[in-house]
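Data first, discussion second: the structure below is written as structure tokens.
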Amino acid sequence: MENYLIATAVFGCIYALLTLGLNVVWGMAGIINLGLAGFFAVGAYVSALLTLKLHVPIAVGLVAGAIVAAASGTVVALITARLRGDYLAIVTLGFSEAVRIIASNEIWLTNGTDGISGIPGPYRGQITPELFNLLFLGIVVVAVAVVMCLAERLRASPFGRVLHAIRDDEQVTAVAGKHVIAFKVKAFAVSAATMGLAGALYGHYTSYIAPDIYSPLITINIVLALVAGGRGNNYGSLVGAFLVVFVLEATRFLAPLAKGLSHVQVAALRELIISVGLIVILRYRPTGLLAERRPRIRLTDDKPAAAGS
Amino acid sequence: MIAEIVQLIVNGVMAGTVLAVPAIGLTAMYAVLRFPNFSVASHATVGAFAGYMANVQFGLPIVPSVAIAFAVAGVFGVATDEVVLKPLRPAGYMATAVASVALTIALENVVRFAFGNDQRGYDLPIFRDWRLGEIRIGPQQVENLAIAAAVMTALFLFLAFTRTGKAMRAVADNPTLAGIKGINAVVVARLVSFVGMGLAGLGGMLLGLDTTIDPLTGFRAILSIFAAAVVGGLGSIPGAVIGALTIGVGEELCLLFLSPDYRSAVGFMAILLVLTLRPRGILGERAY
């Protein structure tokens, strides 16, 4: 039972990383990214293959996973940067499907739909599985803490303020002399890097990855986490991620109660709960549980006649 | 070699004509409602399964089954748009597009709940392929092509000559002006949802006739459908037809040097290529 709880906490942290990554583009800059699963997969595959085939240290694998994910994010963003956002939705979703197709078919590299197993984890095999679980929980908690700090710094920084400005009005931001496309591409790269890191961690934890894991459903899970937690709010992202993992796991326990349903039907019901949940929250509470606190600007001037009158 | 290429082009044209049907549905909805509706995927699946019920359970021939696929998917389209997507449209295309992805997964799972994950095949008479010299043509594909062509012709006539069709084009062209002229945008939106999703459902069934269907039938086709619409120019119906033929032929010709599994990746490459070189597509409007 402890192991199950620890594993759930690890998945919660990995979801939190993904949600924080999505928050940078969608929450802060208002750019859509439906290809999250693709960046998650890129990070996972790069790190898994490097550590397994070239025997590089896991830490290097994690960094490489994040870098390659960021690079692919940059390419996707550059192609669509000048276009309307709806094209970005199409391209990002297409990107994640393309990644899945490549992962399923380049058997020489990715072992196809069978997936890659035996991905090394830190000290796996040298310590007890319980200890490994705890160690990995420590690693992902540190990763979330670091990313959280960086995300908060980013949000409050001038860079973050430009992203907010782009979200609120792209044209005005451009008129104010900001290079909107450059900011968008950078935000996309940062976000993709976070997702790639999450993917790499996931692979090293479970020791197994396969194309099926990176279905659009995971994108919906994370979008739900962000919307439920509160778009634009990093703390909301954390809350939302753990909430989604909690719902996913809780429904697992409800499954035996639904007698007379097959496995497939129970799985379908769980996916249905997530997707309908997202639709309901988008409609009835679009700001999420922890709504973003936006700086208040006083329109009436408290200090009249400061200068020049 | 020449014969092989000709064969692939013939296959591509037939596949492209079938692909044009859901692509027209998508692009028509985009023209009027102004967001990429990803739930085209699940509506294609719903149509495929509605047609399956009509064909296998009730023993209807293909043409009435296809009509039922159109009607059922259309009704689903109007219902889900009313309940799910329409209330979100004022919040912007982003929330609506995201909700449409959630909707597609939800509907897909409704189908999965009812029918399971098994592959199902339609009840079709089996014919031997026709041969023209070295070129082989399947009678079923020809029937699909004929159905798709008939549906498209009917749609063009509807849009060109009926009052309702003209109203739909007017709203797509300039919603404000259409409103001033007294065209009811709400009714037009419902109509375009019905026709658009109906076409998606019909297309889903036509795509399934060649092979088998399962809850992911629509989703597997979504890259090709979107590629067809984007290559032709999002929002342009003739564009969708040209785009679909391009994608259909392109996917087949790529078989010369790629494994068949990469078929749908071809669609994605086409999207990237078009967006880089000519973002508006072949016949579309400005994309930025």
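Identify, please: which residue in region A:231-257 is aromatic (Phe, Trp, Tyr) and modelled with pLDDT of 90 or more and is, among those, surrounded by the fewest Cβ atoms within 10 Å (Cβ to Cβ)? The residue in question is A:246.
Across region B:241-265, which residue is nearest to residue A:81 (Cα to Cα) among those that are within 10 Å of chain A (Cβ to nearest Cβ), of a type outside the set (D, E, K, R) and assigned to a helix (DSSP H, G or I)? Once the filter is applied, the top-ranked residue is B:265. Could you say whether any residue in region B:162-184 is surrounded by 15 or more Cβ atoms within 10 Å (Cβ to Cβ), in contact with a helix residue (DSSP H, G or I) (Cβ under 8 Å, 6 or more places away or on another chain) and not in a helix (DSSP H, G or I)? Yes, there is a match, as at least one residue in region B:162-184 is surrounded by 15 or more Cβ atoms within 10 Å (Cβ to Cβ), in contact with a helix residue (DSSP H, G or I) (Cβ under 8 Å, 6 or more places away or on another chain) and not in a helix (DSSP H, G or I). If the condition is being within 14 Å of chain A (Cβ to nearest Cβ) and in a helix (DSSP H, G or I), then region B:33-48 contributes B:33, B:40, B:41, B:42, B:45. Screening the candidates A:269, A:261, A:248, A:257 for the property of being over 29 Å from residue B:88 (Cβ atoms) and touching a Phe, Trp or Tyr at 6+ places or on another chain (Cβ under 9 Å) yields one hit, A:261.
The rows are residues; the columns are (1) within 14 Å of chain A (Cβ to nearest Cβ); (2) over 9 Å from the mean Cα position of the chain (by Cα); (3) part of a helix (DSSP H, G or I).
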{"position": "B:188", "(1), (2), (3)": "no, yes, yes"}
{"position": "B:193", "(1), (2), (3)": "no, yes, yes"}
{"position": "B:199", "(1), (2), (3)": "no, no, yes"}
{"position": "B:204", "(1), (2), (3)": "no, no, yes"}
{"position": "B:230", "(1), (2), (3)": "yes, yes, yes"}
{"position": "B:239", "(1), (2), (3)": "no, yes, yes"}
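Among the residues of region A:260-276, is there at least one that is in a helix (DSSP H, G or I), over 31 Å from the mean Cα position of the chain (by Cα) and at pLDDT below 85? The answer is no; no qualifying residue exists.
Looking at B:212, B:96, just one residue is within 14 Å of another protein chain (Cβ to nearest Cβ) and in contact (Cβ under 8 Å) with a residue 12 or more places away in the chain, and that residue is B:96. Among the numbered conditions (1) outside any helix (DSSP H, G or I); (2) more than 14 Å from every other protein chain (Cβ to nearest Cβ); (3) crowded, with 19+ Cβ neighbours inside 10 Å, the only one that residue B:284 does not meet is (2). Of the numbered criteria (1) free of Cβ contacts under 8 Å to residues at least 12 places away in the same chain; (2) hydroxyl-bearing (Ser, Thr, Tyr); (3) in contact with a helix residue (DSSP H, G or I) (Cβ under 6 Å, 6 or more places away or on another chain), the one residue B:264 fails is (1).
Here A:135, A:131 are screened, and the one residue that is out of contact with any helix residue (DSSP H, G or I) (no Cβ under 9 Å at 6 or more places or on another chain), aliphatic (A, V, I, L, M), more than 30 Å from residue A:98 (Cα to Cα) and touching a residue at least 12 places away in the same chain (Cβ under 8 Å) is A:135.
Once region B:104-137 is narrowed to residues that are buried (at least 16 other Cβ atoms within 10 Å of the Cβ) and more than 14 Å from chain A (Cβ to nearest Cβ), the residue that is nearest to the chain's Cα centre (by Cα) is B:122. Could you go through region A:109-127 and let me know if any residue there is farther than 20 Å from residue A:61 by Cβ and either among the hydrophobic types (A, V, I, L, M, F, W, C) or buried (at least 17 other Cβ atoms within 10 Å of the Cβ) (or both). No: zero hits. Residue B:59 meets each of the listed conditions (1) over 30 Å from residue A:285 (Cβ atoms); (2) assigned to a helix (DSSP H, G or I) apart from (2). Scanning region B:270-281 for residues that are crowded, with 16+ Cβ neighbours inside 10 Å, free of Cβ contacts under 8 Å to residues at least 24 places away in the same chain and not in a loop (DSSP other than H, G, I, E, B) gives a single hit, B:272. Within region B:266-281, the set of residues being more than 10 Å from chain A (Cβ to nearest Cβ) and among the aromatic types (Phe, Trp, Tyr) is empty.
Filtered by the rule that a residue be of a type outside the set (A, V, I, L, M, F, W, C), more than 9 Å from chain B (Cβ to nearest Cβ) and over 19 Å from residue B:263 (Cβ atoms), region A:86-118 gives A:92, A:111, A:114, A:115, A:117, A:118. Considering only residues in region A:73-85 that are in a helix (DSSP H, G or I) and either free of Cβ contacts under 8 Å to residues at least 24 places away in the same chain or among the basic types (Lys, Arg) (or both), the one that is farthest from the other protein chains (Cβ to nearest Cβ) turns out to be A:75.
The values are calculated or read from the model by the stated rules, or taken from the named source; none is laboratory data. Treat the numbers as computed from the prediction; the structure is a model and nothing was measured. Neighbour counts run over all protein chains shown; Cβ positions are idealised from the backbone, glycine included.
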